[in-house]
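Remarks on the structure that follows.
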Amino acid sequence: VQLVESGGGLVQAGGSLRLSCAVSGRTLSRYAMGWFRQAPGEEREFVARISRSGIITDYTDSVKGRFTISRDNAKNTAYLQMNSLKPEDTAAYYCAAAGTGNSGTQRDDYDYWGQGTQVTVSS
């Protein structure tokens, strides 16, 4: 299974970005998906997760109401819509797939990872 993120970039505070995670090798519907982020000198942290069907979603408190995770199983792609971005959202963002089909909030809950895409929010 390969995951490839895209959509990162430089944006001003208050702006929006939409990250995509294209999955190949296996059908996306087999996996629950998650997004994590890692700022320089920090641990990789959970951002959002979505169930295989897309019905159940979950977010870390700092992004609730601003970020939306979604998926299109027909396109084998997961998304992270990020609105009202803040400088503290600056990080490398990673998508991850849980081979068990059940996602969690810990790195060890996921089996496959993308290479990351950088998001930089200027003040």
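The values are calculated or read from the model by the stated rules, or taken from the named source; none is laboratory data. On a predicted model such as this, the values are computed, not experimentally measured, just so you know. Here Cβ is always computed from backbone atoms with ideal geometry, including for glycine, and neighbour counts include all displayed protein chains. Accessible surface is based on the protein model in full, side chains and every heavy atom, while ligands, DNA and RNA are left aside. Shrake-Rupley method; radii C 1.70, N 1.55, O 1.52, S 1.80 Å.
Looking only at the range 43-59, residues that are touching an Asp or Glu at 6+ places or on another chain (Cβ under 8 Å) and open to solvent by 40 Å² or more (accessible area, probe 1.4 Å) come to 1 in all. Among the candidates 72, 109, the residue that is of a type outside the set (A, V, I, L, M, F, W, C), more than 15 Å from residue 21 (Cα to Cα) and open to solvent by 40 Å² or more (accessible area, probe 1.4 Å) is uniquely 109.
Given the structure, is residue 108 out of contact with any Gly (no Cβ under 8 Å at 6 or more places or on another chain) and outside any strand (DSSP E or B)?
yes
If I ask for residues that are in contact (Cβ under 8 Å) with a residue 60 or more places away in the chain, open to solvent by 50 Å² or more (accessible area, probe 1.4 Å) and farther than 17 Å from residue 119 by Cα, which ones from the range 14-30 would you list? Scanning the range 14-30 gives a single hit, 30. Filtered by the rule that a residue be touching a residue at least 60 places away in the same chain (Cβ under 8 Å), open to solvent by 20 Å² or more (accessible area, probe 1.4 Å) and within 12 Å of residue 31 (Cα to Cα), the range 75-99 gives a lone residue, 99. Taking strands (runs of 3 or more DSSP E) as the structural unit, those lying wholly within the range 1-82 and holding at least 3 residues that are among the hydrophobic types (A, V, I, L, M, F, W, C) correspond to 17-24, 32-38, 45-50, 77-82. The single condition among (1) in contact with a strand residue (DSSP E or B) (Cβ under 7 Å, 6 or more places away or on another chain); (2) at pLDDT below 95 that residue 113 does not meet is (2).
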